[in-house]
Every structure is written in structure tokens, then in C-alpha cells.
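Read-outs: derived from the displayed coordinates by stated rules, not from any lab. Keep in mind it's a predicted model, so treat the numbers as computed, not measured. Here the Cβ positions follow ideal geometry from the backbone for every residue, glycine too, while neighbour counts run over all protein chains shown.
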Amino acid sequence: MEALRDFFRMEASGGILLVVAAAVAVLVANSPADDVYLAFRELPVQIRVGAVDIDKPLLLWINDGLMAVFFFLVGLEVKREFLEGELSTPSQAMLPGVAAIGGMIVPALIYAAFNMGSPENLNGWAIPAATDIGFALGVLALLGRRVPLSLKILLTAIAIFDDLGAIIIIAVFYTAQLSMEALGIAGVAFALLIALNLFGVTRTGPYVFLGVLMWVAVLKSGVHATLAGVALAMTIPLKATDEHGHSPLKHLEHGLHRWVAFFVLPVFAFANAGVSFAGISVQSFVEPVKIGISAGLFVGKQVGVFACLWLMLRLGLARMPSGATNAHLYGVSLLCGIGFTMSLFIGGLAWEHSDFEAPVRLGVITGSILSAVLGYLVLLFARKPKPVVDDADDEDLSAR
């Protein structure tokens, strides 16, 4: 239980830093230093080893490289949770799993409804389908003991399923033309990683080496490179222990958590959240893409998640989290509308040119802020359930 509390404290602190990094990006992008900010994003970075040449602006190194580390950590968390954690049994996984599905479908439908008249706009249908767990837990941290631990676990579980859904969406819908040669190399690297696992190799060095090779091959293949991080995570042993008695998966997960929470995600937020308000008018706030994203996050998420939670409980297919009420569940459903990191990331994949940058960022920021503020207020004023008194207790009370 103490390990869980440490995890939530770290996620919450990282979420607060994430908000600060995004706010600084917006301030810089609208200051006299905006040229410096743009130059930072477009700084050319090249790495060449023999015939392998990777030449990208810094922004893409952050989005393709650093975010692969984030997805690697997500993959480790997903694997651990499914094998021995909160999602290890069907009954435990059912409530957050169904809620996450509803929380992806309804926002996508709302976005599509606002953008049905433009096929190009429809490329962004998945933007409001994601939840930013760091940001959301950061809001919960502000509430302290007012929020039961069971709600934090539920929100984390929903976000894990959400991330899994985002991974599938990226793989299926946001993949460019494929290079079969590069995919073949990635496949060989993945097969070798599986072999390391099957032969009980617990040293992380060989996994990291083959993982980097697989990342380069996936990057060159046309499939988004962050998926290499997930594939690598699936091959890291959980049950086996190294010479120090540590699980390689848990050891890597623990070691990476601080780096991701306090470096990778804040850097990503700073590089991607800086929307310039120059030339933005009232019309910018009513563009279909912007409205679709904002409404999808703020309305779609709360409707999709809460409706599924309520239905599962109503049908008796799941139990109410301990210490929680329907008001608590509604507050958590609102916090699921904080898309931020993942929404910005998918927005960057949806369109290759920059015409949609401003509406995407405006939509994500406004939808996420509305969800965060209302979710905080609902949870702040939500009453704790009354303790259950059984019949024996009633008799004792009457005798007194």
C-alpha cells in the first residue's frame, strides 16, 4: 500500500510540473521570445551511424524519441497490472475497462459530429479520446484526503486502458506508408527480445540494445516509433529475478518513473503546448476542430465514462469502489476529460502540416481546463458515504 501511495505522490507531483511546463510554453510563445521558442522546436538534430541517418528537428526527436520512453513505461505498467496488479482478474479489470471504452467512443463520436462536413478534419477524431494520468492525479493531489485511495486506483486503471487504446489507435490509424525492409529488421529484433525472455535473461543491457535497434527500424518503417517502446516493454521479464533478487520489469519501472514524470513529460509539454494567440480571434474558438476537441474532452469523456460506470454498478457487474459515492465517480469521470499530453501527441500525428496546430492546442487546453476545474469542484464538495450499520449493531444501539 505504501508503494501505491509513493506512486500516486510521484504522479501527482509530475502532473503539477506538467501544468507548469505547459503554462511556461504558452507564456513564451506569446512573448518577445517567441522566435527563440520556435527556433528551439525546429533546431536540427542529426545522428548518423554508417548508412543509417536520422535527421529531424528537435520537436520530432522529442515526440518520436522521448515519448518512446514514456510509452515504454506505459507498456511496463500495463504488463505488470495485467499479470499481478489491479487488472489481473476479469472482475477487477471490467469496471475501468468498460469505462475506458465508453470514454473513448463517445468523445470520438462528438468530435465526428462537429466535423462531419470535412473529411480532412475527421483525421483528428481520436484527439479527445485520451486521458492524461499525470495531470489528472495532480488535480486529485490538491484534494488530499478528501478523495479515497480507491478512486485514485480507479482513475489510474481507466487511464491504463485509455493508453492501451491510444496505442492501438496510433498503430492502426496513424501509420504512414510502410517500408517492409525496415519492418523486417524490427521484427527480427522483436523476435530476439522474445528469445531473451524465454531463455530467462534478466540483465537489462541486451534488452535495451535490441530495443534501440528496434526503435530505429520502426522509425524508418513508417509505423510510429513510440510503438517500439510498447513492444520492448512486453518482452521485459516480470516473474524472473536478476542476481540482486529484483524483477527486471519492476526495477526498470521504478527507475524510469522519476525520469518520465519530471523530465520526459514536462519537456514534451513545453515543446508542444506553446500556442501563440497572435491572430487568434473569436472565430478561432468556434472552428469545428477546436469545438470538436473541447466538447469531446469536456462533454464526451464525462458522459462516456460515467454512463459506463453507472451501468456496470446498476447491473451488479462491478462493486462501488470503497469509500466512494456516485458523486465521486462523476468527479473522476470529469477528470478523465483532461487529455493534454496524449491528446496533443495524437493531434501532432493527425495532420502533417501546421494549419491545425492552433485549433488543436486551443481545443485540448480549453477542454482539459474545463474538465479539471469542474472535476475538482465536484470532488471537493462530494460527501463521503455513511458507514453501513448491520442489524446486530441496530439491536445494540436500541438496547442502549
Subject >> Value of relative contact order over region 103-214, rounded to a whole percent, pairs C-alpha under 8 Å and six or more apart >> reply: 21 percent
**OP:** Going by C-beta contacts inside 10 Å, put S221, S118, S150 in order with the fewest on the left.
**Re:** S118, S150, S221
Subject >> Of L58, T341, A324, farthest towards positive along the dipole that unit charges on Lys, Arg, Asp, Glu beta carbons give the chain >> reply: A324
Subject >> From phi via Karplus (6.51, -1.76, 1.60), per-residue ³J(HN,Hα) for region 320-327 in Hz, x at Gly/Pro >> reply: 4, x, 4, x, 10, 10, 4, 5
**OP:** Report, by chain and number, residues whose modeled amide H sits under 5 Å from the one on H224, excluding near sequence neighbours (fewer than 5 apart, same chain).
**Re:** A176
Original post:
If you build the Cα gyration tensor of region 57-153 and take the root of 5 times each eigenvalue, what three semi-axes come out, in whole angstrom, biggest first?
Top reply: 28, 21, 16
**OP:** Please identify, among G375, G222, G138, the residue showing maximal mean-square fluctuation in a Gaussian network model of the chain using a 10 angstrom Cα cutoff.
**Re:** G222
Original post:
Hey, got the dipole for the chain? About the Cα centre, +1 on K and R Cβ, -1 on D and E Cβ, debye to the nearest 20?
Top reply: 400 debye
Original post:
Under a GNM of the chain (C-alpha, springs under 10 Å), which listed residue has the highest mean-square fluctuation: L362, L43, L76?
Top reply: L43
**OP:** Identify the trypsin sites (Lys or Arg not before Pro) of region 295-382 meeting these criteria: DSSP loop state and at most 16 other C-beta atoms within 10 Å of the C-beta.
**Re:** R319
Subject >> Residues V36, V289, V208 arranged by fewest to most Cβ contacts within 10 Å >> reply: V36, V208, V289
Subject >> Residues L151, L164 arranged by fewest to most Cβ contacts within 10 Å >> reply: L164, L151
Subject >> Computed helical MRE - 222 nm, the chain, DSSP H runs ≥ 4 contributing -39500 (n - 2.57), nearest 500 >> reply: -21500 deg cm²/dmol
Original post:
Of the residues G274, G50, G229, which exhibits the maximal mean-square fluctuation in a Gaussian network model of the chain defined by a 10 Å Cα contact cut-off?
Top reply: G50
Original post:
Of all trypsin sites (Lys or Arg not before Pro) in region 125-216, which ones are in loop regions per DSSP and have a Cβ with at most 14 other Cβ atoms within 10 Å?
Top reply: R203
